[in-house]
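**Student:** Structure below; questions to follow.
What follows draws every value from the coordinates through simple rules; no lab data is involved. Keep in mind it's a predicted model, so treat the numbers as computed, not measured. Using ideal geometry, Cβ is built from the backbone for each residue, glycine included, and neighbour counts are taken over all protein chains shown.
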Protein chains: 4
Amino acid sequence: MGNKLLMKGNEAMGEAAIRIGCRAYFCYPITPQSEIAEYLSKRMPEVGGVFLQGEAENAVAYMLFGAAAAGVRVFTSSSSPGISLMAEAMSYLAAAELPVVIVNVMRNGPGLGGILPAQSDYFQATKGAGHGDYHFIVLAPSSVQESVDLMAEAFHVAERHRNPVLIAVDGMIGQMMEPVELPPEDAETSRFIPGHEDWATTGCGQRKPHLVKTLFLNPAEGMLHNEKLAAKYQRICRSEVRYEEVDTDQDMDVLLVSFGTMARICRTAMEELTRRGLKVGLFRPISLYPFPLHPLRALAPRARQVVSVEMSMGQMIEDVERAVLGQSPVRFFGKAGGIVPSPEEVIEGIWALSKE
Amino acid sequence: MGNKLLMKGNEAMGEAAIRIGCRAYFCYPITPQSEIAEYLSKRMPEVGGVFLQGEAENAVAYMLFGAAAAGVRVFTSSSSPGISLMAEAMSYLAAAELPVVIVNVMRNGPGLGGILPAQSDYFQATKGAGHGDYHFIVLAPSSVQESVDLMAEAFHVAERHRNPVLIAVDGMIGQMMEPVELPPEDAETSRFIPGHEDWATTGCGQRKPHLVKTLFLNPAEGMLHNEKLAAKYQRICRSEVRYEEVDTDQDMDVLLVSFGTMARICRTAMEELTRRGLKVGLFRPISLYPFPLHPLRALAPRARQVVSVEMSMGQMIEDVERAVLGQSPVRFFGKAGGIVPSPEEVIEGIWALSKE
Amino acid sequence: MGNKLLMKGNEAMGEAAIRIGCRAYFCYPITPQSEIAEYLSKRMPEVGGVFLQGEAENAVAYMLFGAAAAGVRVFTSSSSPGISLMAEAMSYLAAAELPVVIVNVMRNGPGLGGILPAQSDYFQATKGAGHGDYHFIVLAPSSVQESVDLMAEAFHVAERHRNPVLIAVDGMIGQMMEPVELPPEDAETSRFIPGHEDWATTGCGQRKPHLVKTLFLNPAEGMLHNEKLAAKYQRICRSEVRYEEVDTDQDMDVLLVSFGTMARICRTAMEELTRRGLKVGLFRPISLYPFPLHPLRALAPRARQVVSVEMSMGQMIEDVERAVLGQSPVRFFGKAGGIVPSPEEVIEGIWALSKE
Amino acid sequence: MGNKLLMKGNEAMGEAAIRIGCRAYFCYPITPQSEIAEYLSKRMPEVGGVFLQGEAENAVAYMLFGAAAAGVRVFTSSSSPGISLMAEAMSYLAAAELPVVIVNVMRNGPGLGGILPAQSDYFQATKGAGHGDYHFIVLAPSSVQESVDLMAEAFHVAERHRNPVLIAVDGMIGQMMEPVELPPEDAETSRFIPGHEDWATTGCGQRKPHLVKTLFLNPAEGMLHNEKLAAKYQRICRSEVRYEEVDTDQDMDVLLVSFGTMARICRTAMEELTRRGLKVGLFRPISLYPFPLHPLRALAPRARQVVSVEMSMGQMIEDVERAVLGQSPVRFFGKAGGIVPSPEEVIEGIWALSKE
């Protein structure tokens, strides 16, 4: 194993993108993700890359569209309200099958809200900020190391399926410092999307012109395009499910379902709950879309109850219900608005639910 | 009963808003909802109201914020990509508890898509285009008359809960002409939101200043605000569920779940399916949020299978699954991209599913 | 003398800026100057410079403000309507004494006009598009070589006086190919403005903070600032006057006053007019601001008449009148709207005037 | 004659526009002209007119274009930096021959400057903020009553020549209260431009379509359009010259040339200068474009010296020089940056110049 560096999550994600070969980053500043922009404003020029601050989030998202349509690896980062401003473009990016990466360092909302960590953009990320039938692949790391690993992975997954990927992280991971092992600087990485020669608009010269578009005025064409996208989403649901299980090889009093920072807190809480004699397991979705429906469904019969633990007011719980399908009761524990629950609060909350 | 007028759905919705007392309409043009704007550009001045075309959808949505924060009844209309451009503002409107009405005359997507009817903004409407924990109340009429009735109702529901309402309609209803009975012109209607004196920023004079805001930097305040909103959404889930059942007082081979234009087509298809000997019922959600989970859950055991019939690639089916909770198999029939399924296609599709 | 390259005027100006050390170019596309942008979009990255397309001309001009306020050499180019969109910023740039360079490849107007060569932004360039008492130094080359030389000179002049410089050229020079000698690539050139350490906002560290501003709410300060600027403009009028005289060492029947492309056409016309027995001289302002008032005033008594020859409807003639001050009659010959007068037209026009 | 009302200049100009029949006012707020907007935001609805705040000055100017192209009387007001932001549109308005009225309540510049009175947009107003060969007619009142009279006159002059008119006033007149006689409310006034039926785009029905445009890609057409405009400007120079002379029927030691507020101060100063034995006359241009060249040229031989007295650093002096043409020395007295010279300063300044 290589050397570890002590880095902030935000900076580590920026560096990981560079290591993977990405040389284009466009952004508009917003707290609590500005360290990514700040880091890359210095780092991109050092590696011959492009750092560009657009005039607004909507513009940035369409700059991503332009760069990716020309075959270039590109990403952006923002935070909740900034992501909302990209809603229209997100639908366009998915419709045009452009493998871009967008990082959402989630803050608390709704509205202007505040700048503290949150997970309440779960719906927006997984069900779709924008209009029409489309999906982003959504990945949710729960440590600085995992955010680095998933950043690198995000580009590969996006490119494998020609589909945008959203990394849903929260300000706690973004601003936490942890020792981290970065991907090696690979001489073979490229600033271009592998295989872009087959579809990107790079100047056609002698070949047939390529067209990257989302307009289908002919309804038959529009239907075919939607069916093509739907088939892709089914492939993604089969091949890109990611999750982690902890202490689930037992009959459980409580099965916690939680992701990101909240899952970390759950692991701490589990120790005390176990000490009190409760049999507790943890199911941690890493891919929020595709949600690991079947693995969770398989576990559900062995849990007396399932609790969705969120830093939101109850969003992932809907997918948990769809997974559990009535096999055991599904309950909710969560908070939103800027207050990250402490392990003690989680312990007492779960303890109380387990006694119902 | 009064006289009926033959009107297009789009125009009828515009007139209904005026009858209910709304005197402010802001918009940005987009097909297929432009008849609403065109109609109101002439009609608003006649009744001393304000018609204003903003410079972009995002601006329009914040003009709604401004007007409603000043206590004024106001609404806008747009179509799928235009609604996406309001995503950030929609989160702000809900966060600030402003009782505005937004009409989405859905067109097919994703991306630029086309201008034909669709229902594929179901996720966006019900789960949230914007960031943070918030909900719009979402109403889905299936005829011109119902779009008129729900337009009037939308303002009352919005004002009762101080929560935005989205009317999800499609271009077919918007552009169809049907005989329609409009609400009477009530001398008592007001251009102001009832009770706005208690919270709107109308110039404080001698009283304590009012504040309409969405920023809560103090996390304890932010949490309280989210809990207040969550409690409201629970009240809404108890009191604002709307749906229609057809032929559900029997044991059913198939229970169709469908809304809007698609539900109309289902009713035509049911006649032929019944003639073929199939026992078919229809459950039509009128409120998409709150989704009528419990009424549908109660019906599920009496249906051998449940089919979600959509003009999208499978969105409402997730709520149907959460309602049915494994009591009977849930299947999908639908299309997207601009092609509205014909009754014949629905008949054959359901017939085939029923034989599985 | 070094090797000459055959280059378009637009490209040659771009390359000259790079040779002089400029590493930042911001722009928004408009015909007929787009070759500058196209050339630099490739060239800037090769030399580690920044090429950036802004969202609109107004934004570009304020990006220049930002870069120059941070001590960076920077320039932009546009064409007539695009320059108008920078009018507010031009006043700010001069007020803040920022040594930026703006190239106007003039097209015919007014309004949208067309894309053919013109000189009808003379007033805008010399009297001031923006508000308040301010001046740009304005330089007008009449060949590709001179446009290269003045481009290099522009940065030095701007930096010497900490004052913006506008290069007024027309599409004919911009798109004409001529052999051109470029400035050598000087190892000593810098991407920073010489002496910027004394005033630029580069991060203050231990030193006193610098402030680059144009707001003077205190009227005494505002007056002092205007007097400081006025004193600078007087210094510029003494030291930066540039012009060329041809055949003026004789008593003249006609003294032509003309700049840029029009002056080239005049030189061709002079040959035939001389052959016809007319004594013709040419006075060519190279600096339009400061206008060479005194050199022209000194020549006026020796000319039976003075003719301002312009590719506009009569703009420079006002400065010619102020120079000549009634010592001899001042007449006008010119055209606008896209038609560049041919030498034959000029010959006949001047011939006719000389017979009056 | 009728009753006089005590009104602020800004409000009085707004009311005068209404009395003359104007029912459309678009604006973007800026000090020191906001009283016009405030007044009309209440007054326009009372008379069935349109008050509209645009999203930026550039947008407002193009809203004027749209309204006037549809045959509607319309005006806006702004202050120096706001006028600069209209520079492009001003060129388009003149090119399209649209008879709109723009009021510039001048503040001190350049750049952000301050909010105190100034006359330093003289160049911008008279020589042209925008690109290409075009002219606004520019009127400069020197009292509240005159600003009312010229406001009414502005619409008539604009419509007579189908040419935009700019009223150049300063914050002193705009905010000063004086008794004022308003034009009567004429039953015959119209919200439409007289004769617009012949050219405006009002929906063509049976007649040949009208076209309001500024694009002339064919150079011959472009030239004809410029010649048509030039011929109009010559007509304007013959017929729209306005000025006032005071004590000019004598041989003068000093002839002051001054406009607006500064001319008022000059009149006060003249009394003391006369008491000291100096023979002083005043020439006050009321139309800044066309500048009263010939009337001033005729007076010049009778003055031992001519002094251009300005609240700027020397702008109108260029037109004074062109008028005087060396017949007597032209000197300058002025200040800029927010300090309005007191009568005492003017007295001492002129006294000192007269002794040179």
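**Student:** Which distance in Å, rounded to a whole number, links the C-alpha centroids of the range C:213-251 and the range C:119-183?
**Tutor:** Each part reduced to its Cα centre gives a spacing of 16 Å.
**Student:** Could you give the length gained by full extension between C:S342 and C:E188, i.e. 0.36 nm per residue of separation minus their alpha carbon distance, to one decimal place?
**Tutor:** 51.0 nm
**Student:** Under 12 Å Cα to Cα from D:K42, which aspartates and glutamates show up? Leave out anything in the same chain fewer than 8 places away.
**Tutor:** Cα-Cα hits under 12 Å: D:E11, D:E15.
**Student:** Counting only helical runs of four or more DSSP H residues, what would the 222 nm mean residue ellipticity of the protein assembly as shown come to if each run contributes -39,500 (n - 2.57) and the total is spread over all its residues?
**Tutor:** Theoretical 222 nm ellipticity from helices: -12000 deg cm²/dmol.
**Student:** Here's a follow-up. List C:H156, C:H135, B:H161 from most exposed to least, where exposure is judged by having the fewest other Cβ atoms within 10 Å.
**Tutor:** The most exposed by this proxy come first: C:H156, B:H161, C:H135.
**Student:** If you don't mind, another one. Using a 10 Å cut-off on Cβ to Cβ distances, tally the other chain neighbours for every residue of B:333-342 and report the average as a whole number.
**Tutor:** 5
**Student:** Still on this model: What ranking of C:T274, B:T248, C:T202 emerges when the number of other C-beta atoms within 10 Å of each C-beta is taken as an exposure proxy, fewest first?
**Tutor:** The most exposed by this proxy come first: C:T274, C:T202, B:T248.
**Student:** Compute the separation of the alpha-carbon centres of the range C:38-91 and the range C:276-294 and state it in Å as a whole number.
**Tutor:** Between the Cα centre of the range C:38-91 and that of the range C:276-294, the gap is 32 Å.
**Student:** In whole angstrom, how long is each semi-axis of the equivalent ellipsoid of the protein assembly as shown, when you take the square root of 5 times every eigenvalue of its Cα gyration tensor and sort them from largest down?
**Tutor:** On the way: eigenvalues 849, 279, 176 Å².
Over the Cα atoms of the protein assembly as shown, the semi-axes work out to 65, 37, 30 Å.
**Student:** What does a probe at D:D249 reach in the range D:258-297, counting residues whose amide N is under 17 Å from the point 7 Å along Cα→Cβ?
**Tutor:** D:280-284
**Student:** After finding the eigenvalues of the alpha carbon gyration tensor for the range D:36-189, what semi-axes result from the square roots of 5 times each, listed largest first in whole Å?
**Tutor:** 22, 20, 16
**Student:** Let me ask you something else. When ranked by the protection proxy of mean other Cβ atoms within 10 Å per residue, highest first, what sequence do the peptides B:123-129, C:329-335 form?
**Tutor:** Descending packing order for the listed peptides: B:123-129, C:329-335.
**Student:** For the range C:87-157, list log₁₀ I(q)/I(0) at each q in 0.15 Å⁻¹, using the Debye formula over Cα point scatterers of equal strength and ignoring solvent, two decimals each.
**Tutor:** -0.57
**Student:** On to the next question. Copy-to-copy spacing for C:D249, label 7 Å out on the Cα-to-C-beta vector, in nm, shortest first?
**Tutor:** 5.7, 10.4, 11.6
**Student:** What is the range A:3-44 by shape, rounded, prolate or oblate, if you read a ≥ b ≥ c off the alpha carbon gyration tensor as root eigenvalues and call it rounded for a/c under 1.5, prolate for a/b larger than b/c, and oblate otherwise?
**Tutor:** In terms of gyration-tensor shape, oblate.
**Student:** Further, regarding this structure: Once the Cβ-Cβ distance between D:T202 and C:S41 is put in as r, and R0 is 30 Å, what FRET efficiency do you end up with, to the nearest 0.05?
**Tutor:** FRET efficiency, D:T202 to C:S41: 0.10.
**Student:** Taking other Cβ within 10 Å of each residue's Cβ, how do D:S287, A:S342, B:S143, C:S80 sort, fewest first?
**Tutor:** A:S342, B:S143, D:S287, C:S80
**Student:** Mind scanning D:K127/D:K232; A:K232/B:K335; A:K228/B:K335; B:K208/B:K228 and naming the pairs with a C-alpha gap bigger than 20 Å?
**Tutor:** On the way: D:K127/D:K232 16 Å; A:K232/B:K335 16 Å; A:K228/B:K335 12 Å; B:K208/B:K228 22 Å.
Pairs exceeding the cut-off: B:K208/B:K228.
**Student:** Just in the range D:135-201: which GluC sites (Glu not before Pro) are loop by DSSP and have at most 12 other Cβ atoms within 10 Å? Could you put the intermediate results ahead of the total?
**Tutor:** Working: sites: D:E146, D:E153, D:E159, D:E181, D:E185, D:E188, D:E197; in loops: D:E181, D:E185, D:E188.
Here the GluC sites (Glu not before Pro) that fit, given the DSSP loop and packing criteria, are D:E185, D:E188.
**Student:** Continuing with the same structure: Label-to-label distances across copies for A:V212, with labels 7 Å out along Cα→Cβ, in nm, shortest first?
**Tutor:** In ascending order, 3.4, 4.0, 4.1 nm.
**Student:** Then there is this: R0 = 56 Å: FRET efficiency of D:E181 with C:L224, Cβ-based, nearest 0.05? Mind showing how you got there, number by number?
**Tutor:** Values: r = 41 Å, r/R0 = 0.74.
With a Förster radius of 56 Å, E is 0.85.
**Student:** Starting with the highest mean, order D:304-312, D:65-73, D:209-217, B:95-103 by the number of other Cβ atoms within 10 Å, averaged over the residues of each peptide.
**Tutor:** B:95-103, D:304-312, D:65-73, D:209-217
**Student:** Next question. Within 10 Å of each candidate Cβ there may be at most 16 other Cβ atoms; applying that plus a DSSP loop requirement, which GluC sites (Glu not before Pro) in the range B:29-69 survive?
**Tutor:** B:E55
**Student:** How much length would be gained if the chain were fully extended between A:L215 and A:R238, taking 0.36 nm per residue of separation minus their Cα-Cα distance, in nm to one decimal?
**Tutor:** Using 0.36 nm per residue and subtracting the Cα-Cα distance, I get 5.4 nm.
**Student:** Quick one: compute a quarter of the convex hull surface over the Cα atoms of the range B:267-356 and quote it in nm².
**Tutor:** Mean projected area of the Cα convex hull: 5.8 nm².
**Student:** Closest approach to the A-C rotation axis by any Cβ of A: residue and distance in angstrom?
**Tutor:** A:E55, 2
**Student:** Also: How would the range D:190-271 be classified by its alpha-carbon gyration tensor: rounded, prolate or oblate, with rounded meaning a/c under 1.5 and the a/b versus b/c comparison settling the rest?
**Tutor:** prolate
**Student:** If the viscosity is 1.567 mPa s and the temperature 4 °C, what translational diffusion coefficient in µm²/s does Stokes-Einstein give for the range B:190-230 when Rh comes from Kirkwood over Cα pairs?
**Tutor:** Working: Rh = 12.3 Å.
Rounded to a whole number, D works out at 106 µm²/s.
**Student:** Once both axes come from the Cα atoms, what is the angle between helix D:9-19 and the longest principal axis of chain D, in degrees from 0 to 90, rounded to 10?
**Tutor:** Approximately 40 degrees, to the nearest ten.
**Student:** Roughly what percent of Cα-Cα pairs across chain D reach past 31 Å?
**Tutor:** 34
**Student:** Another question, if that's okay. In nm, what is the difference between 0.36 nm times the number of residues separating B:W351 and B:R302 and their Cα-Cα distance? Numbers along the way, then the final one.
**Tutor:** Values: separation 49, 0.36 × 49 = 17.64 nm, distance 1.84 nm.
Additional length available on full extension: 15.8 nm.
**Student:** How many Cβ atoms of partner chains, on average, are near each residue of B:298-311 if near means within 10 Å of its Cβ? Provide the component values of the computation, followed by the final result.
**Tutor:** Details: counts 0, 0, 0, 0, 0, 0, 0, 0, 0, 0, 0, 0, 1, 0.
Taking all residues of B:298-311 together, the mean is 0.
**Student:** With all distinct Cα pairs included, what does the Kirkwood hydrodynamic radius of the range D:302-348 come out to in Å, to one decimal, could you say?
**Tutor:** It works out to 11.4 Å.
**Student:** How many partner chain Cβ atoms sit within 10 Å of a residue's Cβ in peptide A:94-103, on average, as a whole number?
**Tutor:** Across the residues of A:94-103, the mean count of other-chain Cβ atoms within 10 Å is 1.
**Student:** Along each of its three principal axes, how wide is the spread of alpha-carbon positions in the range C:177-323, in whole angstrom units, largest first?
**Tutor:** 72, 44, 27
**Student:** Given label points at 7 Å from Cα along Cα→Cβ, what nm distances, shortest first, separate B:Q234 from the same residue in every other copy?
**Tutor:** List, nearest first: 4.1, 7.9, 8.5 nm.
**Student:** Under the √(5λ) rule applied to the eigenvalues of the Cα gyration tensor, what semi-axes describe the equivalent ellipsoid of the range C:19-98? Give them in Å, descending.
**Tutor:** 19, 17, 9
**Student:** State the answer as a single residue: which of B:A158, B:M316, B:I347 lies farthest towards the positive end of the charge dipole of chain B, with beta carbon charges of +1 for Lys and Arg and -1 for Asp and Glu, about the Cα centre.
**Tutor:** It is B:A158, whose Cα lies furthest towards the positive end.
**Student:** For the range C:280-321, what class follows from the C-alpha gyration tensor (a ≥ b ≥ c being the square roots of its eigenvalues): rounded when a/c is under 1.5, otherwise prolate if a/b is larger than b/c, else oblate? Let's see the in-between values first.
**Tutor:** On the way: a/c = 1.78, a/b = 1.20, b/c = 1.47.
Oblate, because a/c is 1.5 or more while a/b does not exceed b/c.
**Student:** Which aspartates and glutamates does B:K8 reach when only Cα atoms under 18 Å apart count, and residues fewer than 8 places away in its own chain are ignored?
**Tutor:** B:E35, B:E38, B:E146, B:D149, B:D170, B:E178, B:E181
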